[in-house]
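Read-outs throughout are calculated quantities, based only on the coordinates presented, and are distinct from any laboratory measurement. Since this is a predicted model, take the numbers as computed values, not measurements. Quick reminder, even Gly has a Cβ in these numbers, built from the backbone with ideal geometry, and neighbours come from all protein chains shown.
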Ligand SMILES: Cc1cc2nc3c(=O)[nH]c(=O)nc-3n(C[C@H](O)[C@H](O)[C@H](O)COP(=O)(O)O)c2cc1C
């Protein structure tokens, strides 16, 4: 064995979604954010296109993100479908977080790799980020409100038309105990073929 598999298994199985409402005020340090991003970029990437892009929001940046999410939610949702709870979450969640990282997929100019593979690579990079958060004892929440696919989001993040923001990762220290998780056993999910 080249690595301590029991520790890696523990990190993987302990990773939990922790919502910003559950974060304490303790700040995440810059070196932690850099390690999280440096781990993200070691995900597999078909054709080595490295399609991941990150926008890190901290301090005043979180206020701008909160304003952007609330305004875009209001301008892109028909009045009869607007929901006060959703709007409040858009406004509050960035402000309750120490850092939010928008993770985007940048399309390679040659388009030689399928969009599906580029999205899969970025999703794998997000998992690296979430596991790194877990190892630090940081809670994380991968959020994908539909407005992320709005062209206003591309403008806000400086993305081109063919690029996509695949999520906002809210990060902070949990104020209380680490949440418990639940999964179906592999027996329900796996077919073994030996002939
Ligand atoms: C691609 C992706 C998008 C997600 N988007 C949201 C979201 O918009 N809102 C939300 O409450 N949870 C979202 N989640 C988190 C799931 O709700 C969470 O992973 C699930 O409840 C299982 O809990 P766990 O992460 O603690 O194992 C998302 C997860 C993934 C993989």
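Where q = 0.13, 0.17 Å⁻¹, what log10 of I(q)/I(0) comes from the Debye formula for the stretch 1-85, counting one point per Cα?
-0.78, -1.11
If each residue of separation counts as 0.36 nm, what is the full-extension length gain between residue 2 and residue 115 once their alpha-carbon separation is subtracted?
37.3 nm
Can you classify the chain as rounded, prolate or oblate using the Cα gyration tensor, where a ≥ b ≥ c are the square roots of its eigenvalues, rounded means a/c under 1.5, and otherwise it's prolate if a/b beats b/c and oblate if not?
oblate
Could you sort the peptides 37-43, 51-57, 14-20 by per-residue average Cβ neighbour count (10 Å cutoff), highest mean leading?
51-57, 14-20, 37-43
Tell me the mean residue ellipticity at 222 nm calculated for the chain from its helices only (DSSP H runs of n ≥ 4, each -39500 (n - 2.57), averaged over every residue, nearest 500).
About -13000 deg cm²/dmol.
By average Cβ neighbour count within 10 Å, what is the ranking of 119-128, 163-172 from highest down?
My ranking of the peptides, most packed first, is 163-172, 119-128.
Using the beta-carbon distance between residue 187 and residue 9 and R0 = 25 Å, what value does 1/(1 + (r/R0)^6) give for FRET efficiency, to the nearest 0.05?
0.85
So, R0 is 30 Å and r is the distance between the beta-carbons of residue 60 and residue 21; what FRET efficiency does that work out to, to 0.05?
Working from the Cβ atoms, E equals 0.85.
Mean separation of Cα pairs under 8 Å and 6+ residues apart, divided by the residue count of the chain: what relative contact order is that in percent?
Answer for the chain is 34 percent.
Between residue 123 and residue 80, how high is the FRET efficiency from 1/(1 + (r/R0)^6) when r is the Cβ-Cβ distance and R₀ = 41 Å? Nearest 0.05.
Calculated value: 0.80.
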